[in-house]
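First comes the structure, then the notes that go with it.
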Amino acid sequence: MTSHRPNFERYQRIAPFYDLLDLPFEYGRYRALRPQLFVGLSGRILDAGVGTGRNLPFYPPGAVVVGIDLSPTMLARAARRRASSRAASVDLCVMDVTRLDFPTASFDAAAATFLFCVLADELQPAALRELVRVVKPGGPIRLLEYVRPRGAVRRFISQLWAPWIAWAYGARFDRRTEAHIREAGLAIASSRYVVPDLIKLIEVRAAP
Ligand SMILES: C[S@@+](CC[C@H](N)C(=O)[O-])C[C@H]1O[C@@H](n2cnc3c(N)ncnc32)[C@H](O)[C@@H]1O
């Protein structure tokens, strides 16, 4: 059985340096993408794999947000960002996305940024099932994720980066997230590149 241990240990270890490691990507690319995750969302929102809280400044004003993460040390850093959020409240909990400790249909929406690219393929169906379970029927589940480039140049560049990305973040460019969504019988409401041939914003709808 695939274990969460490697991710837990990795993120506990890199938490103190995570924001520094990620700084060029955050300011070069991610910061402009994050607001798109939360457009039109309101009410109770789950941020799965909240990490050091890079999404906090982009939560919708007045929303009630719960951020979960496997790593308490990443969460401790997210807690420092609370003041940057305009949400009505931001609760942060240690939790595994494949076994969410929330009642069924207890959120209006869920978001996850760069979580599925670090989740082993074997864990992805369970993570998707749990997100769909806790979001109200018809509610959006939005994922911002790296995908395997199709173009030769992008693919070559991503292959150069792959060993570093795998070592530092446990991330891969070739996770089968969209295939897992379809195999789980879930509807992909939309899927579009937000960075050409590299990063997609995928929206899944919890079955009504
Ligand atoms: C690449 S980081 C992304 C963090 C944040 N979402 C962002 O956009 O900056 C992935 C995060 O997912 C968390 N994570 C990995 N496996 C998890 C799991 N099974 N359940 C919850 N969180 C998990 C890690 O601890 C880490 O904080």
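Read-outs: derived from the displayed coordinates by stated rules, not from any lab. Note that the coordinates shown come from a computational prediction; the quantities given were computed from them, not determined experimentally. Neighbour counts run over all protein chains shown; Cβ positions are idealised from the backbone, glycine included.
Sorting 56-65, 187-196 by average packing, meaning the other beta carbons within 10 Å per residue, from highest down gives 56-65, 187-196.
Descending by average beta-carbon neighbour count within 10 Å, the peptides 40-53, 139-152, 3-16 line up as 40-53, 139-152, 3-16, the highest first.
Summing charges over neighbours of Phe173, with a neighbour being any other residue whose Cβ is under 15 Å away from its Cβ, gives +4 when K and R count +1 and D and E count -1. Would you tally the net charge around Ile141, using a Cβ to Cβ cut-off of less than 15 Å, leaving Ile141 out, and scoring K and R as +1, D and E as -1? Residues close to Ile141 contribute a combined charge of +2. Close amide H contacts of Ile199 (hydrogens built in the peptide plane, cut-off under 5 Å, sequence separation of 5 or more or a different chain): Val147, Val194. How would you classify the stretch 18-149 from its alpha-carbon gyration tensor, with a ≥ b ≥ c the square roots of the eigenvalues: rounded for a/c under 1.5, else prolate if a/b is greater than b/c, otherwise oblate? Here the stretch 18-149 falls in the rounded category. Couplings 3J(HN,Hα) for the stretch 89-103, derived from phi with the Karplus relation 6.51 cos²θ - 1.76 cosθ + 1.60 (θ = phi - 60°), are 7, 10, 9, 10, 9, 6, 7, 9, 4, 7, 9, 6, 9, 10, x Hz, where x marks Gly and Pro. For the stretch 24-101, the Cβ-based charge dipole about the Cα centre amounts to some 340 debye (Lys, Arg positive; Asp, Glu negative; other atoms uncharged). Take the Cα of Arg80, go 7 Å toward its beta carbon, and the backbone nitrogen atoms of the stretch 3-30 under 12 Å from that spot belong to 15-20. Charged neighbours of Ala48, selected by a Cβ distance under 11 Å, balance to -3 (K, R count +1; D, E count -1).
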